[in-house]
1. In the range 17-51, how many residues are open to solvent by less than 20 Å² (accessible area, probe 1.4 Å) and either at pLDDT below 95 or not small (Gly, Ala, Ser) (or both)?
2. Go through Ser165, Ser154 for me and flag whichever is in contact (Cβ under 8 Å) with a residue 12 or more places away in the chain, under 11 Å from the mean Cα position of the chain (by Cα) and open to solvent by 10 Å² or more (accessible area, probe 1.4 Å).
3. What number goes with the only condition from (1) aliphatic (A, V, I, L, M); (2) modelled with pLDDT under 95; (3) under 22 Å from Phe52 (Cβ atoms) that Ala72 does not pass?
4. Of (1) at pLDDT 95 or above; (2) buried (at least 21 other Cβ atoms within 10 Å of the Cβ); (3) of a type outside the set (A, V, I, L, M, F, W, C), His181 satisfies all except one. Which?
5. Those residues that are in contact with a His (Cβ under 9 Å, 6 or more places away or on another chain) and over 15 Å from Trp264 (Cα atoms), I need them from the range 159-178; list them, please.
6. Of the numbered conditions (1) of a type outside the set (Asp, Glu); (2) under 24 Å from Val55 (Cβ atoms); (3) exposed (fewer than 13 other Cβ atoms within 10 Å of the Cβ), Arg279 fails exactly one; give the number of that condition.
7. Residues of the range 50-64 being more than 14 Å from the chain's Cα centre (by Cα) and assigned to a loop (DSSP other than H, G, I, E, B), which ones?
8. What is the residue count in the range 282-307 for residues that are crowded, with 16+ Cβ neighbours inside 10 Å and at pLDDT below 95?
Amino acid sequence: MTSETTGIDPQHIVITEPVAGSAIPVHLMMIEMIDGVYVPIGLRKPAGKGPFPLVVFASGNGGRGMAWVRDATQNRSWTQEQFLAAGYAVAWLRYRAEVDYAYDKIGKLIEDRRQGRQLLNRGPLEYEDVVSIVEHLKTLPDIAADRIGYMGMSHGGEMAFKIASEYHGIRAMIASEPAAHEFLRLVPDTTAQINPETGLLNVEKMLMREAEKVRPRITEDIARARMEPITTPIFVQGRNSDELQGIFRVCYDLLSEMGKEAKWATYEHDVHGFVYVGRNDTGAYAPDAVQVQSVKDSIDWFDKYLKA
């Protein structure tokens, strides 16, 4: 059923619009989450006939809705263009905002029924939105349901670990500059700062460039217990000058020590989120050699698992 005035199915909203400088448009979609809330994504598919392998892209802490998806699609999509050229469908994801340390406090999400109605033990978190999105995308005829990858940067990189710990429906992942202090249960030290306006602790301001200094500060038994269920291959990408480089490396070290399928590479770049190339001041994409190499490495990683 569609609306007589717009021709859009209100329960399956898809609006297609062009992408500047590209022949491939974006399909802006609203996807229903486990609790009935809708979140936006921007799906693009290469030319030709599917089903296509798909890589979904996440960046940061969530929020800002469809405006964020449209901005990322129009202005931060050089990387996605390379994936499209390599034969992948791609999607920018948005999800609800991160809730500070909720992952540590509120336990596993449980769905039940009461009087025939849905009952949840708590509200879903942002990484659980990604699971709902992926499960929906698997139902689309142009998407190869068994060949889906996830690429997350910063908090999106941490979400890769949270997702892989609980969900096994993604074939391969990249955690780029993963700000995984919560997943690792990092114990703050005196270099962490508290925002006086909110009382929230900014753990990312801790000095954590060196893995050997980070390792004693994580709660290793908890981190290992969370990593134990992971079966998804994960490529961890670091950035040499990042304040959290030690955390990035510890994420890989634990995976490797536990016998998980993992890869490590680190890059010299001065931009956090360098793998997601944005337009410059003239409105053009001008990736540097490091960005070109990191995206090539990323595509090679997914080729190994999604095209074999």
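1. At the first step, the residues of the range 17-51 found to be open to solvent by less than 20 Å² (accessible area, probe 1.4 Å) are 19, 26, 28-29, 31, 33, 39-44, 46.
Now drop any that are not either at pLDDT below 95 or not small (Gly, Ala, Ser) (or both), which leaves 19, 26, 28-29, 31, 33, 39-41, 43-44, 46.
Residues in the range 17-51 being open to solvent by less than 20 Å² (accessible area, probe 1.4 Å) and either at pLDDT below 95 or not small (Gly, Ala, Ser) (or both): 12 in total.
2. Ser154
3. The single condition Ala72 does not satisfy is (2).
4. Every listed condition holds for His181 apart from (1).
5. Looking only at the range 159-178, we keep the residues that are in contact with a His (Cβ under 9 Å, 6 or more places away or on another chain), and these are 177-178.
Passing the criteria: none in range.
6. Evaluating Arg279 over (1) of a type outside the set (Asp, Glu); (2) under 24 Å from Val55 (Cβ atoms); (3) exposed (fewer than 13 other Cβ atoms within 10 Å of the Cβ) leaves (3) as the failure.
7. As a first pass, look at the range 50-64 and keep what is more than 14 Å from the chain's Cα centre (by Cα): 50-53, 64.
Result: Gly50, Pro51, Arg64.
8. Number satisfying all stated conditions: 0.
The values are calculated or read from the model by the stated rules, or taken from the named source; none is laboratory data. It should be emphasised that the depicted structure is a prediction, and the values quoted were computed from it without experimental measurement. Positions of Cβ are backbone-derived with ideal geometry, glycine not excepted, and every protein chain shown enters the neighbour counts. Side chains are part of the model used for accessible areas, which takes the heavy atoms of the whole protein and leaves out ligands, DNA and RNA. Shrake-Rupley method; radii C 1.70, N 1.55, O 1.52, S 1.80 Å.
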